[in-house]
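Everything below concerns the one structure shown next.
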Amino acid sequence: MTLGPRGIYYSDTHRRTKMNVALNKAAQQSSTYQTYVAANAVDGNATADWTVETCSHTDPNDPVPYWVVDLGERMTLEGFNITYRQQQPLRMSGFRLIVSNTSLMVDGISGTLCYEEARLNPPTIQYIDCFVIGQYVFYEDPTTAPGDLVPIIELCELEAFGCRNGSYGPDCNTSCVEGCQSGICYPDNGTCVYGCKPTWLGDKCDQVCMNGTWGALCNETCFCDIDTCNVSTGMCQEDRCQPGWQGIHCNQRKQGISDIILVTFLKV
Ligand SMILES: [Ca+2]
């Protein structure tokens, strides 16, 4: 644990320089025990001492408990730090962390399964490495711990590290380059997640086709009279080609007098 500003404890994690996009977002749970509301798990206080009342707790009569936070929009996420109630690892066994684009509970929770806890006695503070894009982070647990009647969820803090789609950097204040496919890049280094848009090149997708080239890989040519051709279509402005060139992309040589003489000569 690390003591942060205003006396709040933050969980230690190698990703803590990243933005916690779950902080103070709208959280809900399927039921609440006493005052242990869902919002306690996104209040920025990762204290795992249950008596401090900064943990959530589902009702001990809730047979199918879950906890969910709405990040407000789809986020590009790289990982999660979970701080569970200390000395209750058995209740953590079997939990599933799922990221979804819908808050609907239809036939269970659909989405990307980031993690399923198979250990019977897991660490109550753990970092889950999971690259995923989504808006809702679910913590559910179908497993009843020894001594309990139903599964119980007691999250003291859930931190989701990442950035809004289209941004990256320690504070998420740098835009992904224009050439990223779908506008999405990795939060830590800005590399495009889905590669480059057509007509954008380079490891960082920050280079456009050189003048006189076009196509998805910029390996087609054009010889326009005005400026260069459209990098996507290869069309020249006003369909005007440089002298000596023709065709819709102005990349076919016109047969000049010397060409005709040469052809005639070769035929003889
Ligand atoms: Ca908390």
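A few comments on the model shown:
- Total residues in region 78-98 satisfying the condition of being under 16 Å from VAL42 (Cα atoms) and either without any contact (Cβ under 8 Å) to a residue 12 or more places away in the chain or not in a loop (DSSP other than H, G, I, E, B) (or both): the figure is 7.
- Residue, farthest from the ligand (Cβ to nearest atom), within region 46-73, restricted to residues that are surrounded by fewer than 16 Cβ atoms within 10 Å (Cβ to Cβ) and within 12 Å of VAL21 (Cα to Cα): GLU73
- Qualifying residue in region 32-45 (condition: surrounded by 14 or more Cβ atoms within 10 Å (Cβ to Cβ), modelled with pLDDT of 95 or more, among the aliphatic types (A, V, I, L, M) and assigned to a loop (DSSP other than H, G, I, E, B)): yes
- Residue in region 154-168 that is of a type in the set (Phe, Trp, Tyr), farther than 28 Å from TRP50 by Cα and more than 16 Å from the ligand (Cβ to nearest atom) present: yes
- Among residues of region 98-148, those that are farther than 22 Å from SER30 by Cβ and in contact with a Phe, Trp or Tyr (Cβ under 6 Å, 6 or more places away or on another chain), counted: 0
- Inside region 147-162, residues that are of a type outside the set (Gly, Ala, Ser), surrounded by fewer than 22 Cβ atoms within 10 Å (Cβ to Cβ) and at pLDDT below 95 make up a count of 0.
- The lone exception for ASP129 - which of (1) charged (D, E, K, R); (2) more than 24 Å from MET75 (Cα to Cα); (3) part of a strand (DSSP E or B) it fails: (2)
- Filtering region 74-94 to residues that are within 15 Å of the ligand (Cβ to nearest atom) and more than 24 Å from the chain's Cα centre (by Cα) leaves TYR84, ARG85, GLN86, GLN88.
The values are calculated or read from the model by the stated rules, or taken from the named source; none is laboratory data. What you see is a predicted model, and the numbers here were worked out from it, not measured in a lab. All Cβ positions, glycine included, derive from the backbone under ideal geometry; neighbour counts span all protein chains shown.
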